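Before any comments, here is the structure.
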Amino acid sequence: MKKILIVFALFAFLATGTLFAEYPGGFGIGVQGGYGGVGGGAGLTLKFPSLPIFFNIDAVSASDSGFHLAAAGDYYFIHNDLLKETDLDYYVGFGIGASLWGFDDKLGIAAAARLPIGLSWQPITLLELYLQVVPQIGLQILPDFKLWTNFWGANIGLRLWF
């Protein structure tokens, strides 16, 4: 737990040098795949021009025996150039997510605080490719109340910008 708090404190310190993150302009829509934490599986990612939040909705799994859906919203407080010559950027953010599942006639609900850390490459104005890891702290609310045991997530995806 101390390590997680140290990571959050470090990124909060780094964020003080950047008041506002730089975002690609316009409306962004894309797909992502991932694993772990709140989300994972196949998903849709959205960025609306009027909001500084990157949204994702994931269908983690669905079968005859149940389903698992997740959604999250992340605000990138750092989004800077890593290599200007290649349009490779890095970002760090903070977000919240929720997960809903039902298997074997049991309903599950969990919520988490997220810290997305990633790389973003925009080779052309229309296309963005990204890779991120997402440490998370969460609580499972149903079927029983407990600290969430899956603290790491990761995603790879692409967005089209209009």
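The values are calculated or read from the model by the stated rules, or taken from the named source; none is laboratory data. The structure presented is a predicted model; accordingly, all values stated were derived computationally and were not measured. All Cβ positions, even for glycine, are placed from backbone atoms using ideal geometry, and neighbour counts span all protein chains on display.
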Only one of these is within 28 Å of ILE141 (Cβ to Cβ), at pLDDT below 70 and aromatic (Phe, Trp, Tyr): PHE67, PHE11. Name it.
-> PHE11
Could you figure out which of (1) free of Cβ contacts under 8 Å to residues at least 60 places away in the same chain; (2) surrounded by 15 or more Cβ atoms within 10 Å (Cβ to Cβ); (3) out of contact with any Leu (no Cβ under 9 Å at 6 or more places or on another chain) isn't true of TRP101?
-> (3)
GLN140 being out of contact with any Gly (no Cβ under 8 Å at 6 or more places or on another chain) and over 15 Å from GLY40 (Cα atoms) | no
Residue set ILE96, ILE109; condition modelled with pLDDT of 95 or more, closer than 24 Å to PHE67 by Cβ and surrounded by 13 or more Cβ atoms within 10 Å (Cβ to Cβ); output residue ILE96
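Here is a yes/no grid of residues against (1) surrounded by 15 or more Cβ atoms within 10 Å (Cβ to Cβ); (2) among the basic types (Lys, Arg); (3) at pLDDT below 95; (4) over 15 Å from GLU128 (Cα atoms):
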{"position": "GLY17", "(1), (2), (3), (4)": "no, no, yes, yes"}
{"position": "GLY25", "(1), (2), (3), (4)": "no, no, yes, no"}
{"position": "GLY30", "(1), (2), (3), (4)": "yes, no, no, no"}
{"position": "GLY34", "(1), (2), (3), (4)": "yes, no, yes, yes"}
{"position": "GLY39", "(1), (2), (3), (4)": "yes, no, yes, yes"}
{"position": "LEU46", "(1), (2), (3), (4)": "yes, no, no, no"}
Determine whether ILE78 is surrounded by 13 or more Cβ atoms within 10 Å (Cβ to Cβ), in contact with a helix residue (DSSP H, G or I) (Cβ under 8 Å, 6 or more places away or on another chain), over 17 Å from GLY36 (Cβ atoms) and in contact (Cβ under 8 Å) with a residue 40 or more places away in the chain.
-> yes
Taking first residues from the range 123-134 that are under 12 Å from ASP87 (Cα atoms) and second residues anywhere that are of a type in the set (D, E, K, R), the pairs with Cβ under 6 Å that are 6 or more apart or on different chains are GLU128/ARG159
Scanning the range 122-153 for residues that are farther than 17 Å from PHE55 by Cα and of a type in the set (Gly, Ala, Ser) gives GLY138
